[in-house]
Amino acid sequence: QVQLVESGGGLVQAGGSLRLSCTAARRIFSFVSMGWYRQAPEKQREWVERIFSGGTTSYAEAVKGRFTISRDNAKNTVYLQMNSLKPEDTAVYYCNCEFTSATSWGRGTQVTVSS
């Protein structure tokens, strides 16, 4: 497993943008994917998007065309560029790293979108 630290959350108006970062405490080898999940108040945590070790990405329908995931291997960091934010995007966003036999989670960063 690996320690993950998220940053970049905050308060933004609807239509605005934020970029979240997730930095791993060490170089990650042999992972399956890294991704982002979110959890809104009184709702279950839901998957947002992920990037696989080979570079392929996949997105939840709710964020397709608005959010973009990317990775900087030299910095051990995964980014989530969020554009055209909506109030329903308000949630705690968690970074996740999937290995073949384990999963690591960050502690989350709050994103609040005002209408």
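No other cysteine beta carbon under 4.7 Å away is the test; run it over the chain and list who passes. Cys with no partner Cβ under 4.7 Å: Cys97.
Treating only the Cβ atoms of Lys and Arg (+1) and Asp and Glu (-1) as charged, compute the dipole magnitude of the chain about its Cα centre; round to the nearest 20 debye. Intermediate results must be reported in sequence, preceding the final value.
Working: 13 positive and 9 negative charges, 55 e Å.
It works out to roughly 260 debye.
Shown for the chain: the carbon plus sulfur share of the solvent-accessible area, taken with all protein chains present and a 1.4 angstrom probe, equals 46%.
The listed residues Val92, Val113 rank as Val92, Val113 when sorted by accessible area, largest first, using a 1.4 Å probe.
With 5 Å bins beginning at zero, the pair-distance distribution over Cα atoms of the chain amounts to 2, 13, 24, 27, 19, 10, 5, 1, 0 %. Bridge orientation summary for the chain: considering DSSP beta bridges with both residues in this region, about 90 percent are antiparallel. 3J(HN,Hα) along segment 101-114, derived from phi through the Karplus expression 6.51 cos²θ - 1.76 cosθ + 1.60 where θ = phi - 60°, amounts to 10, 7, 9, 10, 10, x, 8, x, 9, 7, 10, 10, 10, 8 Hz, with x in place of Gly and Pro.
Any idea of the accessible area per residue across the chain, 1.4 Å probe, to the nearest Å²? Mind showing how you got there, number by number?
Details: 6260 Å² over 115 residues.
Value returned for the chain: 54 Å² of accessible area per residue.
The length gained on full extension between Asn83 and Gln3, counted as 0.36 nm times the residue separation minus their Cα-Cα distance, comes to 26.1 nm.
With contacts taken as Cα pairs under 8 Å at a separation of at least 6 residues, the chain carries a relative contact order of 38 percent.
The values are calculated or read from the model by the stated rules, or taken from the named source; none is laboratory data. Since the structure is predicted, the reported quantities are computational estimates derived from the model, not experimental observations. We place every Cβ from the backbone using ideal geometry, glycine too, and count neighbours over all the protein chains shown. The area values use the complete protein model at the heavy-atom level, side chains included, leaving out ligands, DNA and RNA. Shrake-Rupley method; radii C 1.70, N 1.55, O 1.52, S 1.80 Å.
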